[in-house]
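Notes follow once the structure below has been shown.
The values are calculated or read from the model by the stated rules, or taken from the named source; none is laboratory data. Bear in mind the structure is a predicted one, so any value in this text is a computation, not a measurement. Methodologically, a virtual Cβ is constructed for each residue, glycine included, from the backbone with ideal geometry; neighbour enumeration extends over all protein chains shown.
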C-alpha cells in the first residue's frame, strides 16, 4: 500500500455534524476515506461506460471464438458429469 499523506479539507459545519452523528468524531477519517474511494470507483465506472472502449477484447477470451453457445454447452456437459444418478449433486463434506 502506498504511504498515507495528510490533506487539509474544509467541510461545512452542518455536514461535519451529520458525519459525526453517523460515525462519531473518531470515525471521520475512515468514513471520508471510504466515501472518497467509493466515489472514485463510481466515477471511473461512469467514465468507462460513457466511453467507446469495449468491455473486453476477443483475444482475451479464446474460449468464445466459436461463439458463446458451444462454450456454454461444454460447461453444462462438464457440470453434468459431476452429478450422481438422478441428477442431484451429493452434499459436500
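So, in segment 33-51, exactly how many residues are outside any helix (DSSP H, G or I) and closer than 23 Å to residue 23 by Cβ?
Looking only at that region, the number is 0.
For the subset of segment 71-86 comprising residues that are touching a helix residue (DSSP H, G or I) at 6+ places or on another chain (Cβ under 9 Å) and surrounded by 10 or more Cβ atoms within 10 Å (Cβ to Cβ), which member is farthest from residue 19 (Cα to Cα)?
Filtering segment 71-86 for residues that are touching a helix residue (DSSP H, G or I) at 6+ places or on another chain (Cβ under 9 Å) and surrounded by 10 or more Cβ atoms within 10 Å (Cβ to Cβ), the one farthest from residue 19 (Cα to Cα) comes out as 74.
Residue under question is residue 58, and the condition is that it be loosely packed, with under 10 Cβ neighbours inside 10 Å and at pLDDT below 90; does it hold?
Numbers: loosely packed, with under 10 Cβ neighbours inside 10 Å: yes; at pLDDT below 90: yes.
Yes: the conditions hold for residue 58.
Yes/no per residue for (1) within 20 Å of the chain's Cα centre (by Cα); (2) outside any helix (DSSP H, G or I):
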residue	(1), (2)
4	no, yes
9	no, yes
16	no, no
19	no, no
53	yes, yes
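Condition first: more than 30 Å from residue 12 (Cβ to Cβ) and surrounded by 10 or more Cβ atoms within 10 Å (Cβ to Cβ). Now tell me which residues in segment 26-52 satisfy that.
48
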